[in-house]
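First comes the structure, then the notes that go with it.
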Amino acid sequence: MELYAPIFVLGGIGAAFVVVSMIAGSLLGPKRYNRAKLQSYECGIDPTPQPVGGGRFTIKYYLTAMLFIVFDIEVIFLVPWAVHLDALGVFGLVAMVLFLVNVSIAYAYEWRRGGLEWE
Amino acid sequence: MDPMNYIVLAAIVFTIGAVGVLVRRNAIIVFMCVELMLNACNLAFVSFARMHGNIEGQVIAFFVMVVAAAEVVVGLAIIMQVFRTRRSASVDDANLLRH
Amino acid sequence: MLSYLAAEPHAVTAAADGVVHSTAWLMIAYPLAGAAVLLLGGRRTNAWGHWLAVAMSLAAFVWAALSLVQLLGLDPAERSRSVHVYEWLTAGSLTIDINLLIDPLSITFALLITGVGSLIHIYSVGYMAEDPGRRRFFGYLNLFVAAMLVLVLADNFVLLFLGWEGVGLASYLLIGFWQHKPSAAVAAKKAFLINRVGDMGLLIAIMLMFGTFGTLAYAPVFASADAAGSAVTTVIGLLLLLGACGKSAQLPLQAWLLDAMEGPTPVSALIHAATMVTAGVYLIVRSGPIFEAAPTAQLVVTIVGAATLLAGAVIGCAKDDIKKALAGSTMSQIGYMTLAAGLGPIGYAAAIAHLVTHGFFKAGLFLGAGSVMHGMNDEVDMRRYGGLRTAMPVTFATFGIGYLAIIGFPFLSGWWTKEGIIEAAFASGGVTGQVLGWAALLGAGLTAFYMSRVMFMTFFGERRWAADAHPHESPRSMTLPMVVLAVGSVALGAVLVYGYRFALFLEPAVGAAEHHEFSLATLLTSWTSLTALAFMVAGVAFAWVRYARAPVPRTAPRGSFVTVAARNELYGNTLNEELFMRPGQALTAAAVSFDEKVVDGVVDGVARGVRDSSEGLRRMQTGFARSYALSMLFGAAVVVALLGVNLV
Amino acid sequence: MNPLPHTALAAPVITTQPPQIDYALLAPLLVVFAAGVIGVLVEAFVPRPRRRAVQFTLAALALVAAFVLTVVRVALLPAGGAGLTVASASIAVDRPTLFFQGTILVMAIASLLLIAEHRHGESAFAAQAATVPGSEEERAHVLAGSQHTEVYPLVLFAVLGMLMFPASNDFLTMFIALEVMSLPLYLLCGLARRRRLFSQEAAVKYFLLGAFSSAFFLFGIAMVYGYAGSVNFAVIHDTVAAGGAGALPGGGPLLLLGIALVGVGLLFKVGAVPFHSWKPDVYQGAPTPITALMASGTLVAAFGALLRVFYVAFGGSVAEWRPMMWVVAVLTMVLAAVVAVTQRDIKRLLAYSSVVHAGFVLTAVVAASAEGLAGAMFYLAAYGFTTVGAFAVVTLVRVHEGGAESGDIASWAGLGRTSPVLAGSLALFLLAFAGIPLTSGFIGKFAVFEAAVSAGATPLVVVGVLSSAVTAFFYVRIIVLMFFAEPAEARPRVLRPGRLTGAVIGVGVVATLVLGVFPGPVLDRLSPAPGAGTAEAQSVPGGFATTADLFANR
């Protein structure tokens, strides 16, 4: 149990800091809202396209996010394969190539059917 | 530390997810609760893998992550489509089919 | 795999079986082919289809007759033959073969079904001449004959069940044949519902038999019935009885038969009088060894039979509709057979003999009724008949013979066979035997009364016809079958019963029973026979006083041009009737109301209960995905709990 | 729970040997998968007008080829013994697998014909699913004649999952198969051309509840893994059989919890009460050809998996899970039959009927014997043919020419007069559902009830018989309505069956009759030859030491 004590302490400090600073900020900080502050990105550039009804992002972001998840998650299989590349040999290589071909076919479909176009 | 505690934690997380599915109306949140349940399963798998000293549980956890991602994509697509039709993501609004 | 062939000692190969027996399946195939051609052939077969149906039915009859000849050529001990057709299904350790059992009992039935069936086919050619659905009608009739043959020729319970369902289907189709009449549709539905109860009993009995005996072929099941213990056989017996009650319209499942009279009259004659409704009796006699191993079940069978024979007779007294009066009579007569079948081997031959003769005279009576209706513009109310004997002489003569046969007029068919049942009832001994015997005797008196009532109201007395009625004799194709059936009603009883010929013939199938030396003198002078005769005379006399000597009140014609005076007369007469025979009326009213309120009430109540709970459960399907998830979680909790029990 | 000995927490040993894979035994799966992938490429590169023809040809060829390969594989199995396992024992190729895969492929081909049926350029699927129902955009797509040819690869992937599901020999493969089967089906449910709100709602419900149930399934797997330290069925079975040697100390409760939760996941897929609530809604909302696929193929696959899990992995715990199956089977047979009585929509009615039939098959599962397995297999095949045929008939009865399907049963009144052949076929299917003799339904019921009775589950069979009496009532009600009732005011329009739909109905009729009249050859083949078990070790009827010996698992 002693082994974990520093971790718990650190975690406790971190949490306390978050809570305290949020409360303190809302109590102490000045509140002057303007248009720029309410925007999604406070860099001054308007998001395209605009959120519908103020605040909600358009569906296109979700679409891209979904595509990202699908292709991103495949790396899960690449890492263990890479770690044991030697032991798995040709079999592993062929298997991984086939796997990547399949993923690229999905990518090709996405691309040809306009999933990657913003408008 | 008794590794069984992780299993208990997994069970608790799983229960939280299950309860969330029952009490939340927003389809996205219902769905997130399902993902929570899957993650609880993953926690249980890796804990058991540790306890048994074999690797199967970890391998399963990897696969579960991929499956969960695929499920996210399919699920979000469906929920999004319904939202566009009904302008509502509440699961309770979709009840034309009943009795 | 225990197949029938292994256990049956005198089953022989096809080669040794002789041509007729080895091709016994043709008996079924002929009418089945006829049905297929008629039902699938469409309008092309309209012109000649009915003759094809008649030919197919006759062919089956010829085959049955040839089978009988071949059977008689065998040594009595060899007279139970199983003919293998093909292996139908193998499920685990159970193999069901399509085997046909040719033995005296099944051949008797096959002859009755195809013989009476053919006559009724011929009759229907005339009766249905004007009906646009005639082709379909004959298709169903042929289908019925085929299914009924499957039922009686089966050598195992599964095949029997196939035929059982088949006749149910054909009966259902034929009751609802005139679908444009809402009452016919309702009647068909009622028959279906009530029969389901019986069928379920049979099916559960079959499953229990499989569970107990590990096979469903007759021979091995019956061989081990004794060893199974009386608790099991009693349950099986009672379930079989439930099946029999449904099919044979015995209490408490009798309600459908009266409504079934909505079907065309030839159907009432063939299915609801001569053949299908006797399938229950066949089932009980065939399953004799099971009942013999379960005395309690046997006792219940006899009680059901006795109660039905009285209830049916009382209902027969109350109905003005000629077909419904005859239907009540059918119930009552089948009650006799059930009673006898419940008495064990001593009663089997009596039951089957009565079944055969009843098949003839009751079919004849129904065909006669149909002929009357045919001549009277489909009028069924006997109060609108009267004095028809001159207008329809052939119908009168044949109906009259059937009438004399059913009331047990000496030396006609019914006398011989009913006497057998009464005697068997008394011979079974003890208080039960006395009660059953007296019930049978009382039934004989009631039979005489209500049948005389039908006879007098229809053929005697003044003419109470509707204004537009022009009664006329029916065409030759209708009267011919009636004549043949009348001949059977006269002679068949003596042929079967004299010298215990029929009992000896059936012995290989149902087992031997004690019987003393036959002598006509003892039969004539026995006290039961004399008492029955006295009851019969009393019944006829009473009916004569009530319906032949006194004028019969007529009810309002359907055209509703009735005068108020006629109505008053009717009311007055009703009052007279009420005063004159209040006890009888009360009894009949009670019987009818029991039939309508309690029995229908139970059937309706069950149906309504299912429907209401269905509506309630339907509401649980709320359409909310979250409530579905909740029910899943609930289910998961139940499942976990059920497995958690193992830890305790 | 006691802390584990410290040695158990040692770093896992990783063995990395490339696995030996017998590709010939996996050929049907690979063919279907390859066709699905090529289908995606077709979507990407083949010009729009030719896609449908190419996709249909590709899918049909792949399914037929897979079926042929499945039949050929029967010869590859060693004589005697149950079969082989492939790919590190993750897939079992044995007689049940081959039977289930063959059945699934036949059902898939039939459903594919319904999916491909076109009238006036219209299929059962939305022109463009991404458009909002009722919008201008949707109308534009309809007018342009757009169509979703993605349906074909999706169906192929779903079929791939179905083929893997009953063949899986470990829980990981089974879980993947479950998802590969389910994910495309979720999407396909939402693609109906008409009544799109219903369809989308069906997709959402199916998806949310399906994901919910697979979470239970997965947690159950985790528990079983925790008990046995492996997800391989044979290992789990052996661990149980060895009385827990090699299992997690004190892990008994884990196993029970695992059995329960895995059971929940599988019972959800077969639609047993109380996990059935998705079925009526989804069956009603989904495009009818997809409903046909789910009611036949998915049901067969799910039962195949259920049988394998409970007979092999949990084959040593029959006494533990039997009471649970009893309760579920009784609930399923009784409640679904009762609810079905008052249904007014034909697809909902068929959905409840599918639930009841699942209950009948569960009685065979309860038997835990060779007969139970054979009975369930026969029942599923027989039911599959009949139900595909029934749904094919449903696709033809429309509100008006070119309109939506007329699901309201009341509007089917008098159909027997206007379309005797169609109504006759449906009547035959309904009679088969009701279990009337000389139809496949009777033989199937007989086989499963017989198995249950031999296993001593007579009360269950009594409930089954009562329930089938109730079901007969509502099936016959439809027949009566079609043949004996006056045609309704708003008479539906009955389309002439196209060649594809006609073929499906025809095959359904023939299969229903042939399996009813001559079931012998099929039933014979399903009854396993007495196994190697010695006479003393025959705890399972038919000469098997355990239910696991009915399958190949090593």
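The values are calculated or read from the model by the stated rules, or taken from the named source; none is laboratory data. On a predicted model such as this, the values are computed, not experimentally measured, just so you know. Here Cβ is always computed from backbone atoms with ideal geometry, including for glycine, and neighbour counts include all displayed protein chains.
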Item to complete: Check segment D:394-412 and report whether any residue there is among the charged types (D, E, K, R) and in a helix (DSSP H, G or I).
Response: no
Item to complete: Say whether the condition of being surrounded by fewer than 18 Cβ atoms within 10 Å (Cβ to Cβ), of a type outside the set (Lys, Arg) and either facing chain C (nearest Cβ under 9 Å) or touching a Lys or Arg at 6+ places or on another chain (Cβ under 6 Å) (or both) is met by at least one residue in segment D:508-518.
Response: yes
Discussion item. If I filter segment C:254-268 for residues that are under 19 Å from C:ALA349 (Cα atoms) and under 12 Å from the mean Cα position of the chain (by Cα), do I get at least one hit?
Written reply: no
Fill in: Among the candidates C:GLY342, C:GLY400, C:GLY335, C:GLY370, residue that is over 19 Å from C:TYR500 (Cα atoms), in contact with a Ser or Thr (Cβ under 6 Å, 6 or more places away or on another chain) and without any contact (Cβ under 8 Å) to a residue 60 or more places away in the chain
C:GLY342
Worksheet item: What residue, among those in segment C:164-181 that are in contact (Cβ under 8 Å) with a residue 40 or more places away in the chain and either in a loop (DSSP other than H, G, I, E, B) or within 9 Å of another protein chain (Cβ to nearest Cβ) (or both), is nearest to the chain's Cα centre (by Cα)?
Response: C:TRP164
Response to the item:
Selection from segment D:43-60 of residues within 14 Å of chain A (Cβ to nearest Cβ) and crowded, with 21+ Cβ neighbours inside 10 Å yields D:GLU43, D:GLN55
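Any residue in segment D:136-157 that is of a type outside the set (A, V, I, L, M), touching a Lys or Arg at 6+ places or on another chain (Cβ under 7 Å) and part of a helix (DSSP H, G or I)?
no
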Worksheet item: Taking segment D:49-101, which residues are under 30 Å from D:ALA144 (Cα atoms) and over 25 Å from the mean Cα position of the chain (by Cα)?
Response: D:PRO49, D:ARG50, D:ARG51, D:ARG52, D:ALA53, D:VAL54
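Could you tell me whether any residue of segment A:33-54 is at pLDDT 80 or above and part of a helix (DSSP H, G or I)? It would help to see each step written out before you state the result.
Of segment A:33-54, the ones at pLDDT 80 or above are none.
No, segment A:33-54 contains no residue that is at pLDDT 80 or above and part of a helix (DSSP H, G or I).
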Worksheet item: So D:ILE436 fits all but one of (1) more than 14 Å from chain C (Cβ to nearest Cβ); (2) of a type outside the set (D, E, K, R); (3) surrounded by fewer than 24 Cβ atoms within 10 Å (Cβ to Cβ); what number is the exception?
Response: (1)
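Being part of a helix (DSSP H, G or I), within 7 Å of another protein chain (Cβ to nearest Cβ) and under 19 Å from C:ARG618 (Cα atoms) is the filter here; which residues of segment D:314-346 pass it?
Pass one, segment D:314-346, residues part of a helix (DSSP H, G or I): D:315-340, D:346.
Checking which are within 7 Å of another protein chain (Cβ to nearest Cβ) leaves us with D:320-321, D:323-324, D:327, D:335, D:338-339.
Selection gives D:LEU335, D:VAL338, D:VAL339.
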Discussion item. Given the condition modelled with pLDDT under 85 and part of a helix (DSSP H, G or I), answer yes or no: does some residue in segment C:111-126 qualify?
Written reply: yes
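Name the residue, out of C:GLY375, C:GLY387, C:GLY364, C:GLY400, that is under 21 Å from the mean Cα position of the chain (by Cα) and of a type outside the set (A, V, I, L, M).
Numbers: C:GLY375 fails: under 21 Å from the mean Cα position of the chain (by Cα); C:GLY387 fails: under 21 Å from the mean Cα position of the chain (by Cα); C:GLY400 fails: under 21 Å from the mean Cα position of the chain (by Cα).
Going through C:GLY375, C:GLY387, C:GLY364, C:GLY400 in turn, the sole match is C:GLY364.
Residues are listed down the side, and each one gets a yes or a no for (1) among the polar types (S, T, N, Q); (2) farther than 20 Å from C:ILE407 by Cβ:
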site	(1), (2)
C:GLY243	no, yes
C:ALA279	no, yes
C:GLY288	no, yes
C:ALA297	no, yes
C:THR308	yes, no
C:ALA318	no, no
C:ALA325	no, no
Practice prompt. May I ask you to list pairs of residues, at least six apart or on different chains, whose Cβ atoms are under 8 Å apart, with the first in segment C:609-625 being more than 7 Å from chain B (Cβ to nearest Cβ) and in contact (Cβ under 8 Å) with a residue 40 or more places away in the chain and the second being crowded, with 18+ Cβ neighbours inside 10 Å and not β-branched (Val, Ile, Thr)?
Written response: none
Worksheet item: Among the residues of segment C:462-478, which ones are surrounded by 19 or more Cβ atoms within 10 Å (Cβ to Cβ) and part of a loop (DSSP other than H, G, I, E, B)?
Response: C:ARG464, C:TRP465, C:PRO471, C:SER474
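Tell me the helices (runs of 4 or more DSSP H) entirely within segment C:257-358 that contain at least 1 residues that are over 30 Å from C:MET128 (Cβ atoms). Spell out how you get there, then give the answer.
Working: elements: C:265-269, C:279-286, C:288-292, C:295-318, C:322-341.
Result: C:279-286, C:288-292, C:295-318, C:322-341.
Condition check ((1) outside any helix (DSSP H, G or I); (2) out of contact with any Asp or Glu (no Cβ under 8 Å at 6 or more places or on another chain); (3) within 12 Å of chain C (Cβ to nearest Cβ); (4) buried (at least 17 other Cβ atoms within 10 Å of the Cβ)) across all residues:
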| residue | (1), (2), (3), (4) |
| --- | --- |
| B:ILE7 | no, yes, no, yes |
| B:ILE28 | no, yes, no, no |
| B:ARG50 | no, yes, no, yes |
| B:ALA61 | no, yes, no, yes |
| B:GLU71 | no, no, no, yes |
| B:GLY75 | no, yes, no, yes |
| B:VAL82 | no, no, yes, yes |
| B:HIS99 | yes, yes, yes, yes |
Worksheet, complete the sentence: Within segment D:282-291, the residues that are within 12 Å of chain C (Cβ to nearest Cβ) and of a type in the set (A, V, I, L, M, F, W, C) are D:VAL282
Item to complete: Mind counting the residues in segment A:65-112 that are within 9 Å of chain D (Cβ to nearest Cβ) and within 24 Å of the chain's Cα centre (by Cα)?
Response: 7
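Can you tell me which of D:VAL476, D:VAL462, D:VAL453 is within 14 Å of D:ILE409 (Cβ to Cβ), in a helix (DSSP H, G or I) and either within 8 Å of chain C (Cβ to nearest Cβ) or among the small types (Gly, Ala, Ser) (or both)? Before you say what the answer is, go through the steps one by one.
Numbers: D:VAL462 fails: within 14 Å of D:ILE409 (Cβ to Cβ); D:VAL453 fails: within 14 Å of D:ILE409 (Cβ to Cβ).
The match here is D:VAL476.
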Worksheet, complete the sentence: Of the residues in segment C:185-215, those that are crowded, with 24+ Cβ neighbours inside 10 Å, within 10 Å of chain D (Cβ to nearest Cβ) and farther than 18 Å from C:LEU242 by Cβ number 1
Item to complete: Identify, by number, the condition in (1) of a type outside the set (S, T, N, Q); (2) crowded, with 24+ Cβ neighbours inside 10 Å; (3) touching a helix residue (DSSP H, G or I) at 6+ places or on another chain (Cβ under 6 Å) that D:GLY251 doesn't meet.
Response: (2)
